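Please treat every number below as a calculation from the coordinates, not as lab data. Note that the structure is predicted; figures quoted are calculated from it, not measured. Cβ placement follows ideal geometry from the backbone for every residue including glycine, while neighbour counts extend to all protein chains displayed.
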Amino acid sequence: MEKDFPRSCDIFCAVVDNYGDIGVCWRLARQLANEYGLSVRLWVDDLHGFGKMLPELDVSLSQQTCRGVEIRWWDSSEKAIQRGFPHPQSLPRWEREASVDLVIGAFACKLPDSYIAAMVASEAKPVWLNLEYLSAEEWVESHHKLPSPHPQLPLTKYFFFPGFTPRTGGLLLERDLLQRRDAFQRDEDAQSRYWRSLHVPPRTANELRVSLFSYENEAIPELLRAWERGAQPVTCLLPEGRALPQVAAFFGLAGGRAGDVWQRGSLAVHVLPFVEQPEYDRLLWACDVNFVRGEDSCVRAQWAAKPFIWQIYPQQDGVHLDKLDALRARYVEGLPADAAPAVRELWQAWNGGTDVAAAWARFSARRKQLAEHGPAWAKRLSGNDLALNLLDFSRQVA
Amino acid sequence: MKTAQELRAGNVISVGGEPMVILKAEYSRSGRNGSVVKMKMKGLLSGSGKETVYAADDKFEQIILNKKDCTYSYYADPMYVFMDEEYNQYEVEAENVGDAVNYLTDGMEDKCEVTFYEGKAISVELPNTIVREVEYTEPAVRGDTSGKVMKPAKLVGSGFELPVAAFIEIGDKIEIDTRTNEFKRRAN
């Protein structure tokens, strides 16, 4: 007899920096709770960062429920008392907490020793998964779902790798996302209302709308200059964040904030507030080209099915460039031969390469082919749903 | 304690109380400067093999077993036979030889370290660096001496193929890091 899906789940997230870790965990938590009916607790060690993408979150509370997910604060460094936050009495009593069917440690975060001990002691041991980072590299397939028996304890963790091929864990994709995307992209009124809500004027003829979400990047000034001097009007939608100081400096400003509009030559920049995930999806759907960074927004750009440029999280020894090239190689499969090099050149130029202006010109010239390629690529990826795969695997190893 | 990334084929570690010999360890860079190590290992008590993966900083108790310096003698299917300085012969199962098989050749003089568990030879470790002759590779690329451009080369004896620098020619002797199977430099 086939076993049931797990009914309860703990997801542990240690926020390293930026919003990628918590972004992925929050998305997964909501999907497991709201689409699959699991009772989900999301343990987060940095509520302040999380609050940026969940405005109703009360960062002074160590326990609260938002959108069907119980959100709990934990201290991944176990130094809560020294930090005095929230307060020592609210520290979790792990021996009472570890009684779920499924435990997910996101991105190799270390679970509290006492929580692990409680898992060992529990009669019905939970399935324990390590949700790894996303990579398009080939080695991921041979590592996916492998066990990781605890060196000292009678407990086995499994490594679960997201990915772009059927032999990996797939990608996070909400059940109705692509239908909602299609409906929005077909509905010009909805798009007009969306732009109005951002206080961005209606599109003009021949205008290009570009979202720009990036880490600090030496290529930013050169790209902005190319847009400024180009014949085509470019409206750049810039969410507040790490790229903002560089863009402001391009306009001779010390800084900027949401609501600012800067114009020079053919370029207009609108600074947007940092928005919730569904709002960011709409921005990606509405723009013609999307610059994205890290893991979560890269995946969302692929679901948006518009031409996109990925800035990968930089790592030591340039190892990230292999990962960049691995996704680029998969993404350009099926593209006309003259369009694929344009993707390679711009992605490389945007990730520490040179001559981003020339690379942009070539990319822009192939935009129509890339725009046609996007939906087919998204459809190809959509058959491999991470949340479903994860639950199915949990059922197999339970 | 040793971290997963410090372990190599031939090491014996304790996993859940059982001594396990590592047959193969493969290091991969994950995200955010993290790494994982895929390990093929075999239980010394149960004899069962398993493929596993660990975070590179996961810690293991290493079991120190008796070891002897030996030289490789010959292959007697399915065992590899090694000999110590007193001419005692020890058989190691082919499966337990791991990646070392890539470099075992008749008449080789490299000192190998054979590990024993309860009197039985259970694994073999090669020196970190060994020198082998190239049996075949495509003609050398003139002008490239950087060592960054690579091409495949087949080794004399074992027939093992690995990437080498483009300037390497047939008959060249090369230094290889046996832990990573990586070409290091030309040896002659």
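Note on A:Leu153/A:Lys379: beta-carbon distance plugged into 1/(1 + (r/R0)^6) with R0 of 30 Å gives a FRET efficiency of 0.10.
Rank by packing, highest mean first: peptides B:153-162, A:221-230, with packing defined as the count of other Cβ atoms within 10 Å averaged across residues. Please report the intermediate quantities before stating the final value.
Values: B:153-162: 16.9, A:221-230: 19.1.
Highest-to-lowest ranking by the protection proxy: A:221-230, B:153-162.
Think of region A:177-381 as having a plus end and a minus end, set by charges on the Cβ of Lys, Arg, Asp and Glu; of A:Ala326, A:Gln369, A:Phe213, A:Gln369 sits farthest toward the positive end of this dipole. Our summary gives chain B a relative contact order of 15 percent, counting only alpha carbon pairs under 8 angstrom and 6 or more residues apart. Exactly which GluC sites (Glu not before Pro) in region A:270-353 are in a DSSP loop and have at most 15 other Cβ atoms within 10 Å? Passing both the DSSP loop test and the Cβ count: A:Glu276, A:Glu333. In terms of overall dimensions, the C-alpha atoms belonging to region A:177-381 reach 38, 38, 32 Å along their principal axes, ordered largest to smallest.
If the segment from A:Val397 to A:Glu218 were pulled out straight at 0.36 nm per residue, it would be longer than the present Cα-Cα gap by 59.8 nm. Helix A:220-229 and the long axis of chain A differ in direction by around 30°, with both axes built from C-alpha atoms. Seen against the Cα atoms of chain A and their longest principal axis, helix A:177-186 is set at about 20 degrees.
Highest average first, the peptides A:155-166, A:53-64 ordered by how many other beta carbon atoms sit within 10 Å of their residues are A:155-166, A:53-64. Only helices enter the 222 nm calculation for chain B: every DSSP H run of n ≥ 4 contributes -39,500 (n - 2.57), and dividing by all residues gives -500 deg cm²/dmol, rounded to 500. Using Cβ point charges alone (K and R +1, D and E -1), the dipole size of chain A about the Cα centre works out to roughly 640 debye. For region A:290-384, a simple Cβ point-charge model (Lys and Arg +1, Asp and Glu -1, everything else neutral) yields a dipole of about 400 debye relative to the Cα centre.
The alpha-carbon of B:Lys173 sits under 20 angstrom from the alpha-carbons of these lysines, leaving out residues fewer than 8 places away in its chain: B:Lys111, B:Lys148, B:Lys151, B:Lys154, B:Lys184.
Based on the mean of other beta carbon atoms within 10 Å per residue, what is the order of A:300-311, A:199-210, most packed first? Intermediate results must be reported in sequence, preceding the final value.
On the way: A:300-311: 24.9, A:199-210: 13.6.
Those peptides, ordered most packed to least, come out A:300-311, A:199-210.
Given the -39500 (n - 2.57) contribution per DSSP H run of 4+ residues, what per-residue ellipticity at 222 nm results for chain A, rounded to the nearest 500 deg cm²/dmol? Computed mean residue ellipticity for chain A: -11500 deg cm²/dmol. Of the residues A:Gly169, A:Ser62, A:Ala358, the one whose Cα sits farthest toward the positive end of the charge dipole of chain A, with +1 on the Cβ of Lys and Arg and -1 on the Cβ of Asp and Glu, is A:Ala358.
Expressed in units of 2.2 N^0.38 Å, where N is the residue count, the Cα radius of gyration of the protein assembly as shown is 1.11.
Taking amide hydrogens as placed 1.01 Å from N in the peptide plane, the amide H of A:Phe274 sits under 5 Å from those of A:Glu240, each at least 5 positions away in sequence or on another chain. Taking θ as phi - 60° and the Karplus parameters 6.51, -1.76 and 1.60, the scalar couplings of region B:22-33 work out to 7, 8, 7, 10, 10, 9, 9, 8, 8, x, 6, 6 Hz in sequence order, x denoting glycine and proline. Beyond 21 Å in Cα-Cα separation lie the following of the pairs A:Lys157/B:Lys38; A:Lys3/B:Lys50; A:Lys3/A:Lys145: A:Lys3/B:Lys50.
Per-residue extension of 0.36 nm, minus the Cα-Cα distance of A:Asp338 and A:Glu70, leaves a gain of 91.5 nm for this segment. With a 10 Å cut-off around each Cβ of B:43-51, the average count of Cβ atoms from other chains is 1. Rounded to the nearest 20, the size of the Cβ-charge dipole of region A:177-381 about its Cα centre is 440 debye, with Lys and Arg at +1 and Asp and Glu at -1.
Quick one: angle between helix A:386-397 and the longest Cα principal axis of chain A, in degrees between 0 and 90, rounded to 10, please. Value to nearest ten degrees: 20. Taking chain A as a whole, the Cys residues whose C-beta sits 4.7 Å or farther from every other Cys C-beta are A:Cys9, A:Cys66, A:Cys109, A:Cys236, A:Cys287, A:Cys298.
Counting, for every residue in A:16-23, the Cβ atoms of other protein chains within 10 Å of its Cβ and taking the mean gives 1. Remark: relative contact order (chain A) = 15 percent; criterion is Cα-Cα distance under 8 angstrom and separation of 6 or more residues. Shielding by partners for peptide A:143-149, expressed as the average number of C-beta atoms from other protein chains within 10 Å of each residue's C-beta, is 6. Considering chain A as a Gaussian network with a 10 Å cut-off on Cα pairs, which listed residue, A:Pro239, A:Pro151, A:Pro341, attains the greatest mean-square fluctuation? Sorting by GNM fluctuation, first place goes to A:Pro151. Compactness check for region B:46-118: Cα Rg over 2.2 N^0.38 Å is 1.27. Among A:Leu391, A:Val261, A:Phe291, pick out the residue whose Cα is farthest towards the positive end of the charge dipole of chain A, where Lys and Arg carry +1 and Asp and Glu carry -1 on C-beta, about the Cα centre. In chain A, that residue is A:Val261. What number comes out for the charge environment of A:Leu153, summing +1 per Lys or Arg and -1 per Asp or Glu over other residues with Cβ under 11 Å away? Summing Lys/Arg as +1 and Asp/Glu as -1 gives +1.
Distance between the C-alpha centres of region B:155-188 and region B:1-51: 26 Å, rounded to the whole angstrom.
Tell me the net charge near A:Ser214. Cut-off is 15 Å between Cβ atoms, A:Ser214 excluded, with +1 for each Lys or Arg and -1 for each Asp or Glu. It would help to have the intermediate numbers written out before the result.
Details: positive: A:Arg242, A:Arg293, A:Arg300; negative: A:Asp17, A:Glu216, A:Glu218, A:Glu222, A:Glu240, A:Glu295, A:Asp296.
Overall, the nearby charge balance is -4.
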